[in-house]
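Read through the structure below, which is laid out as structure tokens, and then see the notes.
The values are calculated or read from the model by the stated rules, or taken from the named source; none is laboratory data. Keep in mind the model is a prediction, meaning the values are calculated, not measured. Virtual Cβ from ideal backbone geometry, glycine too; neighbours counted across all protein chains shown. The protein model used for the area step is the full one, side chains on, heavy atoms only, and it has no ligands, DNA or RNA in it. Shrake-Rupley method; radii C 1.70, N 1.55, O 1.52, S 1.80 Å.
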Amino acid sequence: MQSLHLRDEFIKLGQALKAAGLVESGVEAKEVIQEGLVKVNGQTDTRRGKKLYPGDIVSYNGEEIKIEN
């Protein structure tokens, strides 16, 4: 599991996938999120703008990201 450190209070789901290198672009992030391939804290979430806070865990394509301060 990799960690993604926040610069602000939160990061949006699409931005987190891109920042962690799990997708190549914002367009790819939008597609995989809308297709239901991304989970936040174990639940499928189809909102690209979903706000992530410290402690949240994002899962996609066998990879996990933990959001940290």
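For region 14-69, name all the residues that are among the hydrophobic types (A, V, I, L, M, F, W, C), open to solvent by less than 70 Å² (accessible area, probe 1.4 Å) and either farther than 17 Å from M1 by Cα or not in a strand (DSSP E or B) (or both).
A16, L17, A19, A20, L22, V23, A29, V32, I33
Scan region 2-13 residue by residue and report those that are assigned to a loop (DSSP other than H, G, I, E, B), open to solvent by less than 100 Å² (accessible area, probe 1.4 Å) and either over 15 Å from K50 (Cα atoms) or touching a residue at least 60 places away in the same chain (Cβ under 8 Å) (or both).
Selection gives L6 alone.
Do any residues in region 30-51 that are hydroxyl-bearing (S, T, Y) have Cβ atoms under 7 Å from those of residues that are surrounded by 15 or more Cβ atoms within 10 Å (Cβ to Cβ), where the two are at least six apart or on different chains, and which pairs are they? That search, which allows pairs on different chains as well, returns T46/I33.
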